[in-house]
Amino acid sequence: MKVTFLDFEQSVAELENKIEQLRYVQDDSAVDISEEIGRLQKKSQALTKDIYAKLTPWQISQVSRHPQRPYTLDYIEHLFTDFEELHGDRAYADDAAIVGGLARFNGQSVMVIGHQKGRDTKERQYRNFGMPRPEGYRKALRLMKLAEKFGIPIMTFIDTPGAYPGVGAEERGQSEAIGHNLYVMAELRVPIICTIIGEGGSGGALAIAVGDAMLMLQYATYSVISPEGCASILWKSADKAADAAETLGITATRLKTLGLVDKIVSEPLGGAHRDYPAMMQAMKKALQDVLKQVQSQSVDELLHTRFNRLMAYGKFKEVEV
Amino acid sequence: MSWFQKLLPPKIKRRENIDAKKNVPEGLWHKCPSCQAVLYHSDLEKNLSVCPKCNHHHRITARTRLDWLLDAEGRFEIGAEVLPVDTLKFKDSRKYSERLTSAQRDTGEEDALVVMQGSVHALPLVAAAFEFSFMGGSMGSVVGERFVRGVHLAVEQNMPFVCFAASGGARMQEGLLSLMQMAKTCAALTQLSQAQLPFISVLTDPTMGGVSASFAFMGDVVIAEPGALIGFAGARVIQQTVRETLPEGFQRAEFLLEHGAVDMIVDRREMRDQLATLITLLTKQPAVAKEAA
């Protein structure tokens, strides 16, 4: 698969292009230029390292939306076995923007739920760009209740621009669907492990992101509103998205300092899409560790900790009245 | 302007204008934005800011709301000790800290939620009301914390909890911290449930975004005020996404009732009676005496 480079990676793209050309030339050339290729490859890596060492929040936001980034179904394929996808909310429809089902993680039964985006135009449309309608959240809720009934831990993968803003979605109670999930997840009697793998878009992300552990990929973002949306409301211009991204504090490192994320999962050089096997390995390790940790607690302890953690969200000052 | 006034030097002219203004006290008249009827301000207020001509429910402040709701005796405020801070040092065209200061100056409130313990027809309860004119009633850390303190007190004192929502959604200036208030408020409500205490959620104009998509629809009974705008996404965003005209009355209380999203629409003038009836029914208490109509 040919890597798609982002705007700020153009210098790397040029180098990679050159390497590609040299490789092509080498095939029918008597002169050995593998040394030259090796030199250029090193240079390309060094350059990528340089660029990624000082990414701005807005650039990270681009990486989190990279079209080749691993999606929920990729993690399911690589990290789980026996995946049995379960469909539908039993009331209206099956929403393809959220996938879920039973699977095994290291042999153990788990319930996996996540937003799903599409790779090509047709699939993007089918997945509605990863923007769920109420049916999607209600399917997720149904699967979570099912997991609770059988005492199966839940792993969720978050990657959405947000809940779908459409007429039908409003008519069928988008607000209620999201709120209901938040309410139920607060007291669900099984461990819930949430991982932001790409875009954590506001309430549409939060609706499957309340739990006992919050993981976040290094170049994922999580925000109350998209930088573009924030810019167009507060600056009255979507061009200010970079400024909005900066001030909103949407990156993993910033959110970890604020105590809203427990663990940052490192990504391979140049982002998760550059090296799937390495990304999967890192993710597996992280999930393994955190699963072990949440499973070492009794359900009552777990719920107590989860509740206190939810109550501790927020920053304010207190004065004598 | 008459020829004579045109001849006057500017100083005198200005004075005349000031005098003219003084003759008409400010806010004596009010024009209903819905039916354009010109109303006496005092008449409107006596009618709980509901237009006597067309029934339009005007937006009211959080304190006015609680004042009209609660019995005169035995009220006290909860969570007033919780005040906002600018954790992110957020800055757009203006600093968040400046926005806070001017909102505080303009509204006389410290943040967008006022919570009180009191009673309705002698039924004790905890009631919360959003102040929409404080940064669009947006929910940040203070709103979340005051809400939770209200719920906790209700659980402790074994009382129902009532919330009047009026909000544009989460407060962007607090970043993800404000999103987390959605989870926090919902989680607090689970305790009320476990104690079998009623939560009645009243959706007033407007209830949108992160407030709508969290505790607002988690009421044991969900009430809307007539004509209130209630929804997840704003009409403009939806229109930009779907590129079609929105249906008549879209996201209005009546539309929500029709789509099964709320239990009932209650006129503000009947709110006290309705709440008292619902609470006594839910908690299996005898009916209470209500005000004569």
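Answer yes if at least one residue in segment A:265-282 is in contact with a Lys or Arg (Cβ under 9 Å, 6 or more places away or on another chain), within 12 Å of chain B (Cβ to nearest Cβ) and touching a residue at least 40 places away in the same chain (Cβ under 8 Å), and no otherwise.
Among the residues of segment A:265-282, not one is in contact with a Lys or Arg (Cβ under 9 Å, 6 or more places away or on another chain), within 12 Å of chain B (Cβ to nearest Cβ) and touching a residue at least 40 places away in the same chain (Cβ under 8 Å), which makes the answer no.
In segment B:33-56, how many are open to solvent by 60 Å² or more (accessible area, probe 1.4 Å) and not in a loop (DSSP other than H, G, I, E, B)?
The number of residues fulfilling the criteria is 7.
Within segment A:147-166, can one find any residue that is within 14 Å of chain B (Cβ to nearest Cβ), in contact with a helix residue (DSSP H, G or I) (Cβ under 6 Å, 6 or more places away or on another chain) and assigned to a helix (DSSP H, G or I)?
Within segment A:147-166, not a single residue is within 14 Å of chain B (Cβ to nearest Cβ), in contact with a helix residue (DSSP H, G or I) (Cβ under 6 Å, 6 or more places away or on another chain) and assigned to a helix (DSSP H, G or I).
Take A:GLN62 and tell me if it is among the polar types (S, T, N, Q), open to solvent by 30 Å² or more (accessible area, probe 1.4 Å), part of a helix (DSSP H, G or I) and over 29 Å from A:ASN181 (Cα atoms). Before the answer, list the steps.
On the way: among the polar types (S, T, N, Q): yes; open to solvent by 30 Å² or more (accessible area, probe 1.4 Å): yes; part of a helix (DSSP H, G or I): yes; over 29 Å from A:ASN181 (Cα atoms): no.
For A:GLN62, the condition - among the polar types (S, T, N, Q), open to solvent by 30 Å² or more (accessible area, probe 1.4 Å), part of a helix (DSSP H, G or I) and over 29 Å from A:ASN181 (Cα atoms) - is not met.
Suppose the filter is in contact with a strand residue (DSSP E or B) (Cβ under 9 Å, 6 or more places away or on another chain) and crowded, with 16+ Cβ neighbours inside 10 Å; does A:LEU287 pass it?
Yes.
Just to be sure I understand, how many residues within segment B:168-188 are within 14 Å of B:GLY137 (Cα to Cα), outside any loop (DSSP other than H, G, I, E, B), more than 7 Å from chain A (Cβ to nearest Cβ) and not acidic (Asp, Glu)?
Going through segment B:168-188 one residue at a time, the tally reaches 1.
Looking only at segment B:136-167, filter to residues that are free of Cβ contacts under 8 Å to residues at least 40 places away in the same chain and crowded, with 24+ Cβ neighbours inside 10 Å; which one of those is nearest to the other protein chains (Cβ to nearest Cβ)?
First, pick out the residues of segment B:136-167 that are free of Cβ contacts under 8 Å to residues at least 40 places away in the same chain: B:136, B:143, B:152, B:156, B:158, B:161.
Now restrict to residues that are crowded, with 24+ Cβ neighbours inside 10 Å: B:143, B:161.
Numbers: B:VAL143: 9, B:PHE161: 14 Å.
Filtering first and then ranking leaves B:VAL143.
Of the numbered conditions (1) more than 9 Å from chain B (Cβ to nearest Cβ); (2) open to solvent by 30 Å² or more (accessible area, probe 1.4 Å); (3) touching a Pro at 6+ places or on another chain (Cβ under 8 Å), A:THR251 satisfies every one except a single condition; which is it?
The failed condition is (2).
Residues are listed down the side, and each one gets a yes or a no for (1) at the interface with chain A (Cβ under 10 Å from one of its Cβ atoms); (2) at pLDDT 95 or above; (3) under 15 Å from A:SER175 (Cβ atoms); (4) buried (at least 16 other Cβ atoms within 10 Å of the Cβ):
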residue	(1), (2), (3), (4)
B:ARG243	no, no, no, no
B:LEU246	yes, no, no, no
B:HIS259	yes, yes, yes, no
B:ARG272	no, yes, no, yes
B:ALA276	no, yes, no, yes
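Kindly check whether there is at least one residue in segment A:181-199 that is modelled with pLDDT of 95 or more and under 19 Å from B:GLY260 (Cβ atoms).
Here is the first cut: in segment A:181-199, the residues modelled with pLDDT of 95 or more are A:181-199.
Still in the list and also under 19 Å from B:GLY260 (Cβ atoms): A:181, A:183.
The answer is yes, given that some residue of segment A:181-199 is modelled with pLDDT of 95 or more and under 19 Å from B:GLY260 (Cβ atoms).
Just to be sure, is A:TYR137 open to solvent by 10 Å² or more (accessible area, probe 1.4 Å), aromatic (Phe, Trp, Tyr) and either more than 24 Å from A:ALA312 (Cα to Cα) or not in a helix (DSSP H, G or I) (or both)? Let's see the steps before the verdict.
On the way: open to solvent by 10 Å² or more (accessible area, probe 1.4 Å): no; aromatic (Phe, Trp, Tyr): yes; either more than 24 Å from A:ALA312 (Cα to Cα) or not in a helix (DSSP H, G or I) (or both): yes.
No: the conditions fail for A:TYR137.
Condition first: in a loop (DSSP other than H, G, I, E, B), out of contact with any Gly (no Cβ under 9 Å at 6 or more places or on another chain) and surrounded by 15 or more Cβ atoms within 10 Å (Cβ to Cβ). Now tell me which residues in segment B:57-115 satisfy that.
Within segment B:57-115, B:HIS58, B:ARG59, B:ILE60, B:ALA80, B:GLU81, B:VAL85, B:ASP86, B:ASP92, B:GLU109, B:GLU110 meet the criteria.
Looking at A:ILE233, is it farther than 25 Å from A:LYS292 by Cβ, touching a helix residue (DSSP H, G or I) at 6+ places or on another chain (Cβ under 8 Å), assigned to a loop (DSSP other than H, G, I, E, B) and within 11 Å of chain B (Cβ to nearest Cβ)? Write out each step before concluding.
Numbers: farther than 25 Å from A:LYS292 by Cβ: yes; touching a helix residue (DSSP H, G or I) at 6+ places or on another chain (Cβ under 8 Å): yes; assigned to a loop (DSSP other than H, G, I, E, B): no; within 11 Å of chain B (Cβ to nearest Cβ): yes.
So A:ILE233 does not fit the description; no.
Take the residues of segment A:295-321 that are among the β-branched types (Val, Ile, Thr) and in contact (Cβ under 8 Å) with a residue 24 or more places away in the chain: which is least open to solvent (accessible area, probe 1.4 Å)? Let's see the steps before the verdict.
Taking segment A:295-321 and keeping what is among the β-branched types (Val, Ile, Thr), we get A:299, A:305, A:319, A:321.
Going one step further and asking which of them are in contact (Cβ under 8 Å) with a residue 24 or more places away in the chain, we end up with A:299, A:305.
Values: A:VAL299: 55, A:THR305: 72 Å².
Looking at residues that are among the β-branched types (Val, Ile, Thr) and in contact (Cβ under 8 Å) with a residue 24 or more places away in the chain, I get A:VAL299.
B:ILE200 is checked against (1) over 17 Å from the mean Cα position of the chain (by Cα); (2) assigned to a strand (DSSP E or B) and fails just one. What number does that condition carry?
With (1) over 17 Å from the mean Cα position of the chain (by Cα); (2) assigned to a strand (DSSP E or B) applied to B:ILE200, the lone miss is (1).
Collect the residues in segment A:32-48 that are open to solvent by 100 Å² or more (accessible area, probe 1.4 Å) and farther than 19 Å from A:LEU269 by Cα, keeping them in residue-number order. Let's see the steps before the verdict.
First, the residues of segment A:32-48 that are open to solvent by 100 Å² or more (accessible area, probe 1.4 Å): A:32, A:35, A:39, A:42-43, A:45.
Matches in segment A:32-48: A:ASP32, A:GLU35.
Looking at segment A:205-215, can you tell me whether even one residue there is surrounded by fewer than 24 Cβ atoms within 10 Å (Cβ to Cβ), within 22 Å of A:LEU310 (Cα to Cα), over 21 Å from the mean Cα position of the chain (by Cα) and not aromatic (Phe, Trp, Tyr)?
Within segment A:205-215 (the criterion being surrounded by fewer than 24 Cβ atoms within 10 Å (Cβ to Cβ), within 22 Å of A:LEU310 (Cα to Cα), over 21 Å from the mean Cα position of the chain (by Cα) and not aromatic (Phe, Trp, Tyr)), the answer is no, since none of the residues qualifies.
From the set of residues in segment A:178-200 that are open to solvent by 10 Å² or more (accessible area, probe 1.4 Å) and not in a helix (DSSP H, G or I), which is farthest from the other protein chains (Cβ to nearest Cβ)?
Within segment A:178-200, the first condition is being open to solvent by 10 Å² or more (accessible area, probe 1.4 Å), and the residues that meet it are A:180, A:183-184, A:187, A:189, A:191, A:199.
Filter once more, keeping what is not in a helix (DSSP H, G or I): A:189, A:191, A:199.
On the way: A:ARG189: 12, A:PRO191: 16, A:GLU199: 13 Å.
Taking the candidates together, the pick is A:PRO191.
Kindly provide the set of residues from segment A:1-15 that are open to solvent by 60 Å² or more (accessible area, probe 1.4 Å), under 16 Å from A:GLY271 (Cα atoms) and without any contact (Cβ under 8 Å) to a residue 40 or more places away in the chain, ordered by number.
Hits for segment A:1-15 are A:LYS2, A:GLN10.
Is at least one residue of segment B:225-239 closer than 18 Å to B:HIS56 by Cα, open to solvent by 10 Å² or more (accessible area, probe 1.4 Å) and without any contact (Cβ under 8 Å) to a residue 60 or more places away in the chain?
Our first condition is that a residue be closer than 18 Å to B:HIS56 by Cα; within segment B:225-239, this holds for B:225-230.
Keeping just the survivors that are open to solvent by 10 Å² or more (accessible area, probe 1.4 Å) gives B:226-227, B:229.
From what is left, the residues that are without any contact (Cβ under 8 Å) to a residue 60 or more places away in the chain are B:229.
Within segment B:225-239, one or more residues are closer than 18 Å to B:HIS56 by Cα, open to solvent by 10 Å² or more (accessible area, probe 1.4 Å) and without any contact (Cβ under 8 Å) to a residue 60 or more places away in the chain.
Out of all the residues in segment A:91-117, which are under 23 Å from A:LYS285 (Cβ atoms), in contact with a Lys or Arg (Cβ under 9 Å, 6 or more places away or on another chain) and assigned to a loop (DSSP other than H, G, I, E, B)?
Hit for segment A:91-117 is A:ASN106, nothing else.
All but one of (1) within 11 Å of chain B (Cβ to nearest Cβ); (2) open to solvent by 30 Å² or more (accessible area, probe 1.4 Å); (3) of a type in the set (Gly, Ala, Ser) hold for A:ALA244; which doesn't?
Looking at each condition in turn, A:ALA244 falls short on (2).
State the number of residues belonging to segment B:52-84 that are in contact with a strand residue (DSSP E or B) (Cβ under 9 Å, 6 or more places away or on another chain) and more than 30 Å from B:LEU125 (Cβ to Cβ).
Here the count works out to 1.
The values are calculated or read from the model by the stated rules, or taken from the named source; none is laboratory data. Quantities reported herein were computed from a predicted structural model and do not represent experimental measurements. Note that each Cβ is placed from the backbone with ideal geometry, even for glycine, and that neighbours are counted across all protein chains shown. Ligands, DNA and RNA are stripped out before the accessible areas are found, and what is left, the full protein with its side chains, is counted by its heavy atoms. Shrake-Rupley method; radii C 1.70, N 1.55, O 1.52, S 1.80 Å.
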